[in-house]
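Reviewing the structure listed below.
Any read-out appearing in this document is the output of simple, stated calculations on the displayed coordinates, not a laboratory observation. This structure is a prediction, so every number in the text was calculated from the model and none was measured. For neighbour counting, all protein chains shown are included, and Cβ atoms are generated from backbone atoms with ideal geometry for every residue, glycine included.
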Amino acid sequence: MSLGRADGATISVRVFVGGAWRPTSSETDLGVVSATDAAHYLAGIAHTIGGRSGSDAVSAAALSDAADTSPDLVSIVRDVNAPVEPRKQALFWAGNTSLATRDLAQLYDGLGPYSLRQHFVFVISQRRDDIAIDKLIDLARRDADLEIRKQAMYWLGQTQDPRAVKFLRDLVTR
């Protein structure tokens, strides 16, 4: 990974996988750090760096060999002052960790921006357990945003879960 710094702050992140890296004359090799330390650092800077660098920092933290990055990812998702793109990336990766579906579902209420709520519907739809189906049904029934309700219905239709089928059938036959 390569970090861009200015005025004592990290301003950009470039992530590399595999191969050999040699620092140029303007770069400093900090050596090897533990996966856990690297993941915490990357998650920490994702709270303030937007755009691709912020998203890359989140992905690198999530893909690290650190034992459990879900607390760091959830922290980014919940940070209303963090840029949206790293929050979306953290939401995606949190959905791919061992984070309990119940805990993932509880993130929805604090998401705020439409793009995060829209992304949440996709992320929760990738979990095929009862709690995920319940959350999608709840969103399809009650969310204030028509587009979010439509997306939840779409993903419910993809599940073939008997409760989802019944919910959709009841909507159509009312």
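In nanometres, what is the gap between the two model label sites at residue 134 and residue 114, each 7 Å from Cα along Cα-to-Cβ?
Going from the residue 134 label point to the residue 114 one covers 3.0 nm.
Helix 51-63: angle to the longest alpha-carbon principal axis of the chain, degrees 0 to 90, nearest 10?
For 51-63 against the chain, the angle is about 90 degrees.
What is the spin-label model distance, in nm, from residue 145 to residue 68 if the labels are put 7 Å beyond Cα along the C-beta direction?
Going from the residue 145 label point to the residue 68 one covers 3.0 nm.
Roughly how far apart, in whole Å, are the Cα centres of segment 42-82 and segment 106-129?
Taking the Cα centre of segment 106-129 as reference, the centre of segment 42-82 is 17 Å away.
Tell me the angle of helix 162-173 to the major Cα principal axis of the chain, expressed in degrees between 0 and 90 and rounded to the nearest ten.
Once rounded, the angle reads 60 degrees.
Classify segment 47-146 as rounded, prolate or oblate from the Cα gyration tensor: take a ≥ b ≥ c as the square roots of its eigenvalues, call it rounded if a/c is under 1.5, otherwise prolate when a/b beats b/c and oblate if not.
Values: a/c = 2.33, a/b = 1.37, b/c = 1.70.
Here segment 47-146 falls in the oblate category.
Take residue 98 and residue 166, extend 7 Å from each Cα along the Cα→Cβ direction, and tell me the distance between the two endpoints in nm.
Simple spin-label model gives 3.3 nm for this pair.
(i) 19.5; (ii) 18.3; (iii) 17.6: which one is Kirkwood radius over Cα pairs in Å as calculated from this entry?
(iii)
Only Cα pairs within less than 10 Å get springs; with that Gaussian network setup on the chain, which residue of 13, 123, 33 has the largest fluctuation?
Result for the chain, Cα springs under 10 Å: 33 fluctuates most.
Given the C-alpha atoms of segment 101-174, compute the convex hull and give its volume per residue in Å³.
Working: hull volume 5.6 nm³, N = 74.
Each residue corresponds to 75 Å³ of Cα convex hull volume.
Going by how many other Cβ atoms sit within 10 Å of their own, how do 121, 32 line up, fewest first? Don't skip to the answer; put the middle values down first.
Numbers: 121 23, 32 7.
Placing the least packed residue first, the sequence is 32, 121.
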